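All of the numbers you see were taken from the coordinates with simple rules; none came from a lab. Computed from a predicted model, the values in this text were never measured in an experiment. Here the Cβ positions follow ideal geometry from the backbone for every residue, glycine too, while neighbour counts run over all protein chains shown.
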Amino acid sequence: MPDNILPSTILGLPFAAAVLVWLLRSRGRNLAVWLMTGTALLGLLLSLWLYPAVAGGGALRQVMPWVPGLGLDLVLRVDGFGWLFMLLVCGIGLLVGIYARYYMPADDPLTSFFALLLAFMGSMLGIVMSGNVIQLVFFWELTSLFSFLLIGYWHHGASARDGARMALVVTSGGGLCLLAGMLLLGHIAGSYDLDAILAAGDAVRAHPWYTPTLLLILLGAFTKSAQFPFHFWLPQAMSAPTPVSAYLHSATMVKAGVFLLVRFWPVLGGTEEWFWIVGGTGLVTLVLGAYSAMFEQDLKGVLAYSTISHLGLITMLVGLGSALGVVAAIFHIVNHATFKASLFMAAGAVDHEAGTRDLRKLGGLRRVMPVTATLALVAAAAMAGVPLLNGFLSKEMFFAETLAGRHGPLLDVLSVVIAVAASAFGVTYSIRFVRGVFFGRMASCLPRQPHEPPLWMRVPIGLLALACLLVGVLPARVIGPSLRVAASAVLGAGHLPDYSLAIWHGLTTPLLMSVCAFAAGCLLFAALRRRFDGFEATPLTGRLSGKRMFERVLAVLAADIPRRIERRYPSRRLQPQLLLIVLLALVAGTLAATSAPFGFRPRWSSVDPAFALLWLLGAACAIGAASQAKFHRLAALVLTGGAGLVSCVSFVWLSAPDLAATQLLVEVVTTILILLGLRWLPKRIEGLAPESRAHRFRRRRDVFIAMAVGLGVASLAYAAMMHPVADSISRFFLERAYTEGGGHNVVNVILVDFRGFDTLGEISVLAIVALTVFALLRRFRPAAESIRAPFQPQRQVAPDAEEAAHAVDRSLTDYLMIPGLIIQLMFPVILLFGLHLFLRGHDLPGGGFVAGITVAVALILLYMARGARWVEAHLRVLPVRWIGLGLLLAVGTGLGSLAFGRPFLTSYFRYAELPVLGKLPLASAVLFDLGVFAVVVGATTLMLIALAHQSLRRPRQPADLPGGQG
């Protein structure tokens, strides 16, 4: 396979496997395991294959056009640093997959778990392989999304749900800051391409916007890597399954932040701001995490806080501003990933076999779990920095950097003291981890009888512990070449500092610091050994709970502020809020109009009297609707439909049949939607007598505001249409619709070709809105006695819920004055008409959107005429699947163009000669339009049928609603 397509292959493998695992979920857990481990193994082998391409210090690039007009391309870039991370992501992912097979409960099918784990693996690979910073942010947020789903995988537990929500809010909020920082960085550098930005370091650091850009990017990095003051989310995420913790919280997700710091060190580093913010944050996090880890009672809690501490160590190394600090940071990233993943798996094995992670209940397990105890002892010693293990080497490099002394005597001495103290804390919690679980008196009254875990649960732990030992004994041979390649990619081959990976450097100051730290840690453990079990919270810092502050902020934003607003502006109606919004829009429009002269005069002579009469009729309908809303809502709805029909006729008058058809069908759907929702509207509040002066003033005020806003919008539209321009954009589309889009229907060609990316975003929003409406309706249950016909507000119905529901069905059929059988016979005709609109859409008025609404109207009419129970007994409607299929088809069409080296969603067309049908146009945009059709059918039907279930039938269970099982 050519090297230039390997990056896309490696990136696409996990996502393809995730979809395959999900589709084959009925085949059992063994197939899911094989797909997970096989994908990770293949990704690891392909990554190793790329070593010759990056060994010389270069970068392998694969560019696929995405949106060339905006300067955005899908760029996959693999250099030595990204390559090293690819090995970590795929290698540890392989071991986690093997481990999870035996760790997860036997009744768990594992398909959802492995599908999410594979999708997360692909997202992490996307971060380290991104050659475009906007693309990097996209994958960055994907990791936040999939980590949320993985942390909350056991969602039956409140702690898992809370931890997942906290992780999502913190990391995705940091991702938004990162996006803003990347936009500024790309603006300063003049490009969003990573190579161009890395080459513009001097210009970026000298720019006036350097400080805000740096702060925004650091917020993204600090939140993801759990740096102070955002460290609190990581311990709360320990309710996740242990394979998730071993993967996300040791080797991948939390490493994304420090990856970002190292990646942009050549651009943003080397300044005073960088030193104080990055170095200071890393120093505080290093000490706070190590100190808190000593007093944790939960095994995974100890590992979580120790992870925070080691991430702070890496951040501090990057913040020191030296090239050797960057080398040491990269080295410790790899070392920490190996020993921490091993320790998480060992903790999971203990929990799996003993049934608890509480250190106060454990002890003496080395007698029944000798192999696990030995492997955990090796990994914990590496974490503590014991010689002949990998942690000792990178920690010695850390001590050497703190001794370099570049920022004044006081600060240099303080850094050395804090580094030794944090390292001593690390020795203490490492000893407590091993001694509290595996040594001492044998624990009694455990939830389970402990014994060695299955062999294939111990194999991943053993391989990672072996890696710790091999790197510690043979560092130059085992990790030396990979470290040099990664460091050269960040610093440049010509700027690589001198460093040594030898085991013995003589009696040096860093060695003395290591000895002092180890001795102090042992003495501290001996002094506090009998008191550790009595600590329910961390001394001194226990009250400064980040979790408590986070929950308080959420409570203020989600409850306190809205409650105060509600008390200050109490109202049960939406009209006052709507009035305020309209007034603000009117004021803003007036201010803009006063400073921007339109420069046009109305051409009254060109007004057609018939057209003017048509619009007078539409205005009369609108005024009538406003006046009837007080007395008869159904009459107001009919008059509103009349105003909509006037708009349809206007589009036909102005030679816009596509818009007319769309407007007409949307008018039908909207009318049905309001009809179904009429009974939910609250009764009119009799706060004012109809004859009162205040009531008359309010009515006149509303009429005046409505007329002012309507006149303003009409004037703006008229000015835009009549403004003289040198060249209209319409000419561009008219000239290229057929030659470049292959269609005569310019409107449809614009939607599915020229502005297909916008349409993809619009149908995605439509899908989200439909799912949101459905979720809200699932949680709203009208009382059984309140069920009545939405078209007859005053009708008395039977008190029994079932009889009331049938009364509703009969009232609907009677109101339509069309027998249900007639609509049933019309149903296939309407479907055929929708198919006709879809097939002719590229050359004649029609298209996927109009066809989708037509089919949705047919379905909802059948529901209204026959009732939900009859329809679902004879016709299986799965709108959620329609939505998913449509989105996949639309995205797949765009990705298909990338496979041929064209920009995303580039359309291809040609004419085909068929034996019987003759010459027919074939365009790839038809597939995209088919996706639009499916999403529109699914979204519209989901909303209307869910509303019909609530309005026409008795209250039902969530699974009874459409999509509950689909």
Problem - Pairwise centroid distance, computed over Cα atoms, of the range 91-158 with the range 376-448, Å - result: 29 Å
Problem - Per-residue [θ]222 nm for the chain (sum of -39500 (n - 2.57) over DSSP H runs n ≥ 4, rounded to 500) - result: -22500 deg cm²/dmol
Completion exercise
Kirkwood radius from Cα pairs of the range 1-266 plugged into Stokes-Einstein at 25 °C, 0.890 mPa s, gives D in µm²/s equal to 130 µm²/s
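Direction-averaged shadow area of the convex hull around the Cα atoms of the range 145-242, nm²? Let's see the in-between values first.
Working: hull surface 27.5 nm².
If I average the Cα hull's projected area over directions, I get 6.9 nm².
For the range 187-278, what does the convex hull of the Cα positions come to per residue, in cubic angstrom?
Values: hull volume 9.2 nm³, N = 92.
Taking the convex hull of the Cα positions in the range 187-278, it is 100 Å³ per residue.
Mind ordering 311-322, 432-443 by average Cβ neighbours within 10 Å, highest first? Intermediate results must be reported in sequence, preceding the final value.
Working: 311-322: 26.2, 432-443: 19.2.
Descending mean neighbour count gives 311-322, 432-443.
Averaging sequence separations of C-alpha pairs under 8 Å and six or more residues apart, then dividing by the length of the range 1-266, give the relative contact order as a whole percent.
On the way: 403 pairs, mean separation 49.8, N = 266.
RCO, the range 1-266: 19 percent.
What is the ratio of the Cα radius of gyration of the range 1-132 to 2.2 N^0.38 Å, where N is its residue count, to two decimals? Present the calculation step by step, with values, prior to reporting the outcome.
Numbers: Rg = 15.8 Å, N = 132, 2.2 N^0.38 = 14.1 Å.
Rg over 2.2 N^0.38 Å, computed on Cα atoms: 1.12.
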Handout entry: Simple Cβ-charge dipole of the chain, Lys/Arg +1 and Asp/Glu -1, about Cα centre, in debye nearest 20
Key = 2660 debye
Fill in the blank from the handout: Longest the chain segment clear of GluC sites (Glu not before Pro) sitting in DSSP loops (not H, G, I, E or B) with at most 15 other Cβ atoms within 10 Å runs 1-535
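Using a ≥ b ≥ c from the Cα gyration tensor of the chain (square roots of the eigenvalues), is it rounded, prolate or oblate, where a/c under 1.5 gives rounded and otherwise the larger of a/b and b/c decides, a/b for prolate? Could the numbers behind the result be given before it?
Details: a/c = 1.99, a/b = 1.76, b/c = 1.13.
It is prolate, given that a/c is not under 1.5 and a/b is the larger ratio.
Percent relative contact order of the chain, based on C-alpha pairs within less than 8 angstrom and at least six residues apart?
Rounded, it is 9 percent for the chain.
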Exercise for the section: Normalising by the residue count of the range 261-381, find the relative contact order in percent from Cα pairs under 8 Å and 6+ residues apart. Expected result: 25 percent
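R0 = 51 Å: FRET efficiency of residue 455 with residue 552, Cβ-based, nearest 0.05? Show your work: numbers first, answer last.
Values: r = 48 Å, r/R0 = 0.93.
Working from the Cβ atoms, E equals 0.60.
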